[in-house]
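The values are calculated or read from the model by the stated rules, or taken from the named source; none is laboratory data. If you're wondering where the values come from, they're calculated on a predicted model, not measured in any experiment. Note: ideal-geometry Cβ built from the backbone for every residue, glycine included; neighbour counts use all protein chains shown. Only protein heavy atoms, including side chains, enter the accessible area calculation; ligands, DNA and RNA are left aside. Shrake-Rupley method; radii C 1.70, N 1.55, O 1.52, S 1.80 Å.
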Amino acid sequence: MNIVKETLENQAALLKVTVAPADYAEAVEKALKNYRKKANMPGFRPGMVPMGVINKMYRKGVTAEESYRKASEAMIAYLDENKIGILGEPLPSKEQKDLDFENDTEFEFCFEVGLAPEVNIDLGKVSVNRYAITVSDQMKKDYKDNYLRRFGKLADTDTVTSDEALTVTLDQEGMTVEDAYVGLIGMSEEERKPFIGKKVGDKMEVNVNDLYKQASQRAAVLQVKEDELANIDPVFNLTITRIRKFENPEMNEAFFKEAFPAGDITDEAQFDAMIAAKVAGDLEQETKYKFVDDTKKALLKAAALTLPEPFLKNWLYAINDGKFSMEEIDKDFPQFVEMMAWDVIKRHYAQEAKIEVTKEDAVAEAKATAAMQFAYYGMPNVEEGMLNNYADSMLANKEEARKIYDRLAENKIVDYVASKIKVKEKKVSREEFVKLFEAPAAE
């Protein structure tokens with residue numbers, strides 16, 4: 001076995017792997033014997049077809065297959081032993097010559113690889129802001145109101161003031177829909193304006209396309225099929241027949257028993273403390289996302305990696321079997337290059353810090369994700385057994401499991417890097433933090 005590496009332009013390399021009979025002959029003979037065992041030909045008992053017949057039928061193809069396999073294995077071992085990092089996967093080279101597997105015994109296979117750049121960042125010169133959002137009283141009030149809404153009830157009221165639930169009659173010539181629901185809570189302030197101050201019995205003209213954004217929703221309200229909507233004038237006369245507003249529950253023993261059956265929250269002071277912790281936790285998740293993203297951008301800029309772009313374009317085209325044209329690949333290529341560069345940086349620091357994500361890490365993350373999803377749908381206190389079941393289900397899904405492991409690895413890598421770069425702690429309001437997403441990361 002002989003391997004020669006030649007450096008090409010644009011950060012690619014050519015690997016020429018020469019294999020001789022000593023490298024592949026044993027594998028060829030073994031494969032041919034297996035063919036003979038399975039061969040079923042007229043005039044011969046199973047497994048008794050003469051070897052000469054087997055050789056004539058299969059030796060050329062088996063030699064090609066086994067010699068190529070041995071060359072591929074040797075190439076991968078060569079890259080590993082020589083610690084040559086590559087991007088994508090090796091591709092057959094355009095320099096590959098035609099091979100005569102019937103008459104020759106030595107074969108030279110040519111592979112092209114894209115070389116991964118080295119990461120050389122002076123982390124001490126990298127600076128990233130880490131933001132902490134100040135928890136305001138209004139945030140806590142809004143969170144508390146939303147939490148209490150899960151246990152509140154709708155009570156009749158006289159006038160529309162903000163986010164009431166309306167029961168209405170929609171009417172136009174030839175069509176009347178009674179007891180239709182209009183939820184102002186799902187509207188923006190601008191969309192609510194025409195309803196503010198209205199009372200039971202008041203009338204107004206509305207466009208149901210604006211009132212109900214989804215076609216499926218409009219069809220359900222108007223009690224028709226979706227394909228019938230095009231034939232219906234969207235302008236209706238709306239009459240308010242009932243106005244109801246959510247009333248928060250009383251802070252009494254019955255409420256705390258219902259909301260917190262575990263008994264860990266028994267009075268309003270404890271409840272307020274929990275709300276404050278929940279708000280702070282949610283905001284921390286937002287700022288953590290921002291910190292990870294800003295750290296990623298800072299490292300990409302500091303590394304200034306050059307990738308084997310021509311090779312990567314060819315690789316993308318090859319692995320997609322021509323499903324995408326080169327023009328289509330070019331369109332999204334800058335984002336792909338950034339993703340690949342970030343992967344190189346992550347791989348570098350994962351090896352440097354010996355970072356691993358354990359099964360226990362993944363289970364804990366899956367449970368936390370499940371708990372957040374339940375809380376979003378109004379189930380803040382879910383039994384441990386149910387969380388375990390959902391976590392197991394998430395990790396059984398290969399794509400979901402990969403996302404969880406990748407996210408945990410990235411967080412660990414950023415935590416490691418954060419201990420070595422300059423991190424500037426900054427307190428901001430919620431409004432200031434939102435505006436940061438409209439501007440580039442601070443240096």
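Of all residues in segment 17-42, those that are farther than 18 Å from Ser72 by Cα have Cβ atoms under 6 Å from Cβ atoms of residues that are part of a loop (DSSP other than H, G, I, E, B) and open to solvent by less than 60 Å² (accessible area, probe 1.4 Å), 6 or more apart or on another chain, in Arg36/Val49; Lys37/Gly47; Ala39/Val49; Met41/Val49. Listed by first and then second residue, the pairs with beta-carbon distance under 7 Å, at least 6 apart or on different chains, first residue in segment 327-339 and β-branched (Val, Ile, Thr), second surrounded by 11 or more Cβ atoms within 10 Å (Cβ to Cβ), are Ile329/Lys313; Ile329/Leu316; Ile329/Tyr317; Val337/Leu307; Val337/Glu309. Residue count for segment 289-308, restricted to those that are out of contact with any strand residue (DSSP E or B) (no Cβ under 9 Å at 6 or more places or on another chain) and open to solvent by 60 Å² or more (accessible area, probe 1.4 Å): 4.
Cβ-Cβ distances below 7 Å connect the following pairs, each with a first residue in segment 72-92 that is free of Cβ contacts under 8 Å to residues at least 24 places away in the same chain, a second residue that is open to solvent by less than 40 Å² (accessible area, probe 1.4 Å), and a separation of six or more residues or different chains: Pro92/Phe111.
For segment 140-175, filtered to residues that are assigned to a strand (DSSP E or B) and open to solvent by 80 Å² or more (accessible area, probe 1.4 Å), the residue that is modelled with the lowest pLDDT is Lys153. Contact annotation: residue pairs with Cβ atoms under 8 Å, 6 or more positions apart or on different chains, pairing a residue in segment 269-290 that is in contact (Cβ under 8 Å) with a residue 24 or more places away in the chain and under 16 Å from Lys427 (Cβ atoms) with a partner that is in a helix (DSSP H, G or I) and charged (D, E, K, R), are Val279/Lys140; Leu283/Arg430. Quick one: would you say Asp104 is without any contact (Cβ under 8 Å) to a residue 40 or more places away in the chain, open to solvent by 30 Å² or more (accessible area, probe 1.4 Å) and over 30 Å from Met204 (Cβ atoms)? For Asp104, the condition - without any contact (Cβ under 8 Å) to a residue 40 or more places away in the chain, open to solvent by 30 Å² or more (accessible area, probe 1.4 Å) and over 30 Å from Met204 (Cβ atoms) - is met. Residues that are part of a loop (DSSP other than H, G, I, E, B) and buried (at least 17 other Cβ atoms within 10 Å of the Cβ) were ranked within segment 5-38; the one that is farthest from the chain's Cα centre (by Cα) is Leu8. Summed over segment 58-97, the residues that are under 14 Å from Glu29 (Cα atoms), touching a helix residue (DSSP H, G or I) at 6+ places or on another chain (Cβ under 8 Å), open to solvent by 30 Å² or more (accessible area, probe 1.4 Å) and of a type outside the set (Lys, Arg) give a count of 2. Scanning segment 47-69 turns up one or more residues that are in a helix (DSSP H, G or I), at pLDDT 95 or above and of a type in the set (Phe, Trp, Tyr). Consider segment 237-256 and keep the residues that are touching a residue at least 40 places away in the same chain (Cβ under 8 Å) and touching a helix residue (DSSP H, G or I) at 6+ places or on another chain (Cβ under 6 Å). The one that is nearest to Phe195 (Cα to Cα) is Phe246. When residues in segment 115-139 are screened for being assigned to a loop (DSSP other than H, G, I, E, B), more than 29 Å from the chain's Cα centre (by Cα) and small (Gly, Ala, Ser), 1 of them pass. Considering segment 227-265 alone, what residues qualify as being closer than 21 Å to Val168 by Cα, outside any loop (DSSP other than H, G, I, E, B) and not β-branched (Val, Ile, Thr)? Selection gives Leu229, Phe236, Asn237, Leu238, Arg242, Arg244, Lys245, Phe246, Glu247. Of all residues in segment 312-320, none satisfies being of a type in the set (D, E, K, R) and either open to solvent by 60 Å² or more (accessible area, probe 1.4 Å) or touching a residue at least 60 places away in the same chain (Cβ under 8 Å) (or both).
Residue-wise test of (1) of a type in the set (Asp, Glu); (2) assigned to a helix (DSSP H, G or I); (3) open to solvent by 30 Å² or more (accessible area, probe 1.4 Å).
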{"site": "Phe333", "(1), (2), (3)": "no, yes, no"}
{"site": "Glu338", "(1), (2), (3)": "yes, yes, yes"}
{"site": "Trp342", "(1), (2), (3)": "no, yes, no"}
{"site": "Val357", "(1), (2), (3)": "no, no, yes"}
{"site": "Glu365", "(1), (2), (3)": "yes, yes, yes"}
{"site": "Thr369", "(1), (2), (3)": "no, yes, no"}
{"site": "Leu387", "(1), (2), (3)": "no, yes, no"}
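Would you confirm whether any residue within segment 415-423 is surrounded by 11 or more Cβ atoms within 10 Å (Cβ to Cβ) and assigned to a strand (DSSP E or B)? Yes, segment 415-423 contains a residue that is surrounded by 11 or more Cβ atoms within 10 Å (Cβ to Cβ) and assigned to a strand (DSSP E or B). Could you list, in sequence order, the residues of segment 176-203 that are open to solvent by less than 40 Å² (accessible area, probe 1.4 Å), in a strand (DSSP E or B) and farther than 15 Å from Arg244 by Cα? If the condition is that a residue be open to solvent by less than 40 Å² (accessible area, probe 1.4 Å), in a strand (DSSP E or B) and farther than 15 Å from Arg244 by Cα, then Val177 is the only one that fits.
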